[in-house]
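Read the structure below first, then the notes.
Where a number appears in this text, it was derived from the coordinates with a stated rule and is not lab data. In this text, all values refer to a predicted model and were calculated from it rather than measured experimentally. Glycine gets a Cβ as well: all are built from the backbone with ideal geometry, and neighbour counts include every protein chain shown.
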């Protein structure tokens, strides 16, 4: 029986690592994205942060655009106040993109967050996988 989660919430670090062949987590991110059983979900905040992380490099942004073609991009605009409450509650650890990933995971309880940010996500109490392991 396949026990992998049916959905994966893709954090900005995974997007950036998968898009940047020079990133130390590139292979892990590509393997993680390729081994998913179900659909991938992300949000605009994660995309914004990923573009920043790849330093607006045109080649990496092109790879990011290809990756996003197979993902569902969820709007989070109706949740801004709740997301900012989460950021405030987890200050200084949580940023807005993290808050979106946590909220998306809670909206999709059969999902797991793919992230390169093990330290922060180990505090947020949601299932996640990172290059250093994860919590399910």
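Observations, loosely collected:
- For Cα extents along the principal axes in Å, computed directly from the structure shown, the correct entry in [x] 40, 36, 26; [y] 46, 30, 21; [z] 52, 27, 26 is [x].
- Estimated [θ] at 222 nm from DSSP helical runs (n ≥ 4, -39500 (n - 2.57)) normalised by residues in the chain, nearest 500: -13500 deg cm²/dmol
- Spin-label model, residue 107/residue 39: points 7 Å from Cα along the beta carbon direction are separated by 1.2 nm.
- Cα-based shape type of the range 9-79, given that a ≥ b ≥ c are square roots of the gyration tensor eigenvalues and the cut on a/c is 1.5: oblate
- Taking the fewest neighbouring Cβ atoms within 10 Å as the starting point, the ordered list for 96, 124 is 96, 124.
- When only Cα pairs below 8 angstrom with a gap of at least 6 residues are kept, the range 1-82 shows a relative contact order of 36 percent.
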